[in-house]
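Here the structure is laid out as structure tokens; the discussion comes afterwards.
No lab work stands behind these numbers, since they all come straight from the coordinates. Since the structure is predicted, the reported quantities are computational estimates derived from the model, not experimental observations. Don't worry about glycine lacking a Cβ; one is built from the backbone with ideal geometry, like all the others, and counts go over all protein chains shown.
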Amino acid sequence: MRGRPNLYTDYQKESSIFSNKTQKSWFGLLISLAIGLCFLATDYWLLLITTSCLIAIASWGLNIVSGLAGQINLAHGVFIGVGTYASAVIGGVATSSVIGYNLDMIFWLPVAGLASAVVGLIIAPITVKLKGLNLALVTLALVFIGSHLFSNFKSMTGGAGLGRKVATLKLFGIDLENGLQVGSYYLQREQILYLFSLLICVLAGLGVKNLVRSRAGRAYSAIRDGDIAAEALGINLFRYKASAFALSSFYGGISGALFFTVSGGVEPGSFNLVYSITFVAIVVIGGAGTVLGPLFGAFFYTLFPAVIQLFLHTFDIGEQSLPLNLGQLERLLFGLVIILFLMFEPRGLWGIWFRLRNYFKAWPFSY
Amino acid sequence: MIIFLQATVEGLSLAAIYSLVAIGFVLIYKAMEVLSFAQPALAVVGAGIISFLSVERGIPFWIALVLGVIFTGVLGLIIERTFLRPMVGEPVFSVAVLTIGIDLLLRTLLDSWIGINPKYMGDPFPSYGNFGAVNVGGVNIKYLEVAAFFTAVVLILLLTIFFRKSKYGIAMRATSYDQEAAMAQGINVGRIFGLVWLIAGILAAFAGFFITGGFNTLSQFSFISALRALPAVVIGGLDSIPGAVVGSIIIGLTQGYVAYYQLTFEAFIGFSFGSGFSIVAPYLIMFVILIFKPDGLFGTEEVERV
């Protein structure tokens with residue numbers, strides 16, 4: 001069978017996570033590169049890639065429910081918020097205004113995911129009944145209800161405009177806030193966060209890849225392509241729609257807890273409508289329903305502003321000479337990118353990548 | 001009693017404003033099966049144009065108002081022609097996200113123009129006009145609220161006549177009933193789509209003016225008020241114009257009563273809903289209605305085929 005990478009003799013092999021040696025070696029190379037980057041890149045770029053990895057986790061979550069299971073969710077930001085605040089309460093430091101138990105990361109990280117998943121399950125009876133635009137509208141309502149609750153549960157969230165500090169970085173009793181001494185090498189906080197995010201990101205990605213080929217993944221696709229037909233095939237709609245929401249929220253919660261640990265503090269106003277829509281946009285730009293799409297989308301979303309800044313800096317264009325300020329310019333271009341992708345490349349960045357890959361696979365032939 | 005009347009007056013004026021945006025939503029949905037999240041952005045852009053013309057350029061208010069309304073309508077037409085026409089036949093979700101993109105685009109441009117200081121709308125009657133109010137038996141009624149109410153009533157009447165009597169109105173109804181059959185009868189469906197967006201833009205601009213008029217002013221957050229027409233549409237049913245009006249009245253009155261009675265009620269039950277609850281209340285109602293009647297109060301029930 002050697003030298004014929006596209007020949008599969010059994011289903012198990014075809015549906016394995018890495019179907020051939022090339023994929024496995026590319027994956028290994030990418031991981032080693034990413035780990036190597038930890039010691040080469042400047043703090044600025046390290047932070048950007050850390051953020052990208054964490055946003056990718058949340059986007060994968062949204063992709064499970066919207067891309068795979070086809071249930072539109074405009075309230076992903078709220079689930080992220082629930083996870084963030086759960087972790088902040090469990091792992092944060094108590095002050096005069098907010099509660100916090102200052103526990104280890106080994107507790108607050110799973111709790112963040114589980115708290116979001118539970119909220120996803122609680123609203124499941126409502127979300128499972130609806131579909132299409134009605135579901136989109138209910139989740140839109142959730143965004144407003146969620147932000148209202150976040151701003152008013154002051155003992156947990158610190159209240160609107162004030163916010164609170166999030167969970168402290170402490171793993172197995174070792175305080176990592178000020179870095180870590182490994183032998184003779186000193187790991188900075190940024191590097192630790194980067195490596196940890198990378199690890200979680202890789203695990204989350206493999207999780208999604210695994211989900212797609214599992215029984216649940218096939219059920220999700222069936223529901224997306226036609227839920228009545230799926231029900232007729234014996235798929236339990238309630239169970240799978242609810243589990244898609246729960247799983248998606250779990251990813252969101254984990255991502256939120258880590259994301260705001262990187263930045264250090266969180267304010268209830270962060271989880272507004274625009275925040276939730278950002279993730280929808282990331283999934284659409286990356287390519288909905290694909291495994292790699294959300295990763296591409298997340299990196300695009302985070303690195304896009306950095307590239308704009310780099311561009312302005314390289315050509316020495318001052319911010320004052322622009323008609324818009326930098327944040328507005330980013331939002332404007334982001335809106336344009338969403339529109340252009342939907343109109344001209346509905347499969348998103350993944351579609352571009354797919355065509356490129358197939359071009360080189362068949363090279364020098366054009367088919 | 002006076003408080004009750006005061007809340008009712010304010011609620012009804014809000015209802016009038018929401019119904020303008022809501023009818024725009026419904027028209028677009030009926031014609032194209034598209035839920036346009038760009039509608040609130042069109043409303044605030046309309047307000048922005050009016051403010052720019054009347055305050056910054058010093059054009060007489062009435063001319064500025066008419067120009068602003070027409071420009072916003074044309075803007076809706078342009079949006080439909082450039083962005084939405086190529087998307088005909090695409091999944092509902094993609095088009096909805098596309099309108100979110102348009103919303104982002106419009107509001108970013110508007111925000112950069114607004115800057116930090118809120119913008120005023122100008123005043124048609126400098127002596128008492130937008131900023132004034134009349135006191136009827138203890139109830140404080142702003143002229144702006146009266147104007148909003150009557151404008152909405154007049155516009156809805158005009159629209160009703162348009163749909164019943166005019167050639168294009170009937171063509172629009174035919175299109176929303178069955179696109180292919182309408183095309184077979186020689187109706188230019190593309191032109192109808194454009195017309196729908198023109199009307200939706202005009203209605204949005206009026207709503208935008210009343211949302212931001214007087215002391216309310218146009219700020220970067222004005223669009224949230226316009227977005228509240230969305231629960232109104234959902235409550236009434238996405239494809240029903242009377243439903244949109246009823247939904248708007250429910251939402252407007254709720255907002256009015258909550259704003260005035262929340263504290264009394266909270267003291268009565270001993271539990272606080274938190275500040276800014278009047279903004280969330282419409283969404284809670286929408287949430288509850290969608291659970292029990294997923295197609296809204298007046299919407300047609302969806303028949304599904306495998």
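Scanning region A:186-206 for residues that are of a type in the set (Phe, Trp, Tyr) and outside any helix (DSSP H, G or I) yields one hit, A:Tyr186.
Can you pull out the residues in region B:5-58 that are in contact (Cβ under 8 Å) with a residue 12 or more places away in the chain and out of contact with any helix residue (DSSP H, G or I) (no Cβ under 9 Å at 6 or more places or on another chain)? Steps first, answer last, please.
Of all residues in region B:5-58, those in contact (Cβ under 8 Å) with a residue 12 or more places away in the chain come to B:5-55.
Result: B:Leu5, single match.
Checked against the criteria, B:Val97 does not count as without any contact (Cβ under 8 Å) to a residue 60 or more places away in the chain, closer than 30 Å to A:Leu135 by Cβ and touching an Asp or Glu at 6+ places or on another chain (Cβ under 9 Å). State yes or no: is B:Gly68 crowded, with 23+ Cβ neighbours inside 10 Å, over 12 Å from the mean Cα position of the chain (by Cα) and not β-branched (Val, Ile, Thr)? So B:Gly68 fits the description; yes. Of the residues making up region A:218-248, those that are assigned to a helix (DSSP H, G or I), among the small types (Gly, Ala, Ser) and surrounded by fewer than 18 Cβ atoms within 10 Å (Cβ to Cβ) are A:Ser221, A:Ala229, A:Ala232. Looking across region B:228-246, the residues that are within 12 Å of chain A (Cβ to nearest Cβ) and either part of a loop (DSSP other than H, G, I, E, B) or surrounded by fewer than 24 Cβ atoms within 10 Å (Cβ to Cβ) (or both) come down to B:Arg228, B:Gly237, B:Leu238, B:Asp239.
Condition check ((1) in contact with a strand residue (DSSP E or B) (Cβ under 9 Å, 6 or more places away or on another chain); (2) surrounded by 14 or more Cβ atoms within 10 Å (Cβ to Cβ)) across all residues:
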| position | (1), (2) |
| --- | --- |
| B:Gly58 | no, no |
| B:Ile79 | no, yes |
| B:Asp103 | no, yes |
| B:Ile114 | yes, yes |
| B:Phe149 | no, yes |
| B:Ala152 | no, yes |
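Of B:Ser36, B:Ser13, all but one fail to be within 30 Å of B:Gly237 (Cβ to Cβ) and not in a helix (DSSP H, G or I); the exception is B:Ser36. Can you find a residue in region A:273-291 that is more than 14 Å from chain B (Cβ to nearest Cβ) and in a helix (DSSP H, G or I)? No; the residues of region A:273-291 include none that is more than 14 Å from chain B (Cβ to nearest Cβ) and in a helix (DSSP H, G or I).
A:Ala94 falls short on exactly one of the conditions (1) more than 10 Å from chain B (Cβ to nearest Cβ); (2) crowded, with 19+ Cβ neighbours inside 10 Å, and that condition is (2). Could you tell me which residue of region A:88-99 is farthest from A:Ile228 (Cα to Cα), considering only residues that are in contact (Cβ under 8 Å) with a residue 24 or more places away in the chain and not in a helix (DSSP H, G or I)? Per the criteria, the residue is A:Thr95. Of the helices (runs of 4 or more DSSP H) that lie entirely inside region A:110-175, those containing 2 or more residues that are within 11 Å of chain B (Cβ to nearest Cβ) and not hydroxyl-bearing (Ser, Thr, Tyr) span A:124-129, A:132-152.
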